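The values are calculated or read from the model by the stated rules, or taken from the named source; none is laboratory data. Here the structure is a predicted model, which means the values were calculated and not measured. No Cβ is skipped: glycine too gets one built from the backbone with ideal geometry, and neighbour counts run over all protein chains shown.
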Amino acid sequence: MAGKEWGRRVKAYRKLKGYTQVQFARELGISVSVIGEVERGTRRLNDELLHQITNVLGVSAEELAPERDKHKYQNPKEDIHV
């Protein structure tokens, strides 16, 4: 789950919700450098971090996912929104 597309979307949603990188990192309990790496697409977004990010942003993984990855989170039997 790496890539610049994920990073761009995380950054866009973070800004949309009014968080600076510092505020967002604090909410997630991680360093600002990790947020920067995620947003640049140089850090792999694992399931735990994805769960934390979607929880803080109040969006589902499907909503956050780039178009090419949305199908991975479309499961009506399992609520991916965290």
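Brief remarks on what is shown
- Arg68 being at pLDDT below 95, over 13 Å from the mean Cα position of the chain (by Cα) and not in a loop (DSSP other than H, G, I, E, B): yes
- Close pairs (7 angstrom Cβ cut-off, 6 or more residues apart or separate chains): farther than 14 Å from Tyr13 by Cα in region 41-58, outside any loop (DSSP other than H, G, I, E, B) and aromatic (Phe, Trp, Tyr) anywhere: Gly41/Trp6; Leu45/Trp6
- For Ala25: the one exception among (1) within 11 Å of Trp6 (Cβ to Cβ); (2) at pLDDT 95 or above; (3) surrounded by 15 or more Cβ atoms within 10 Å (Cβ to Cβ); (4) not β-branched (Val, Ile, Thr): (1)
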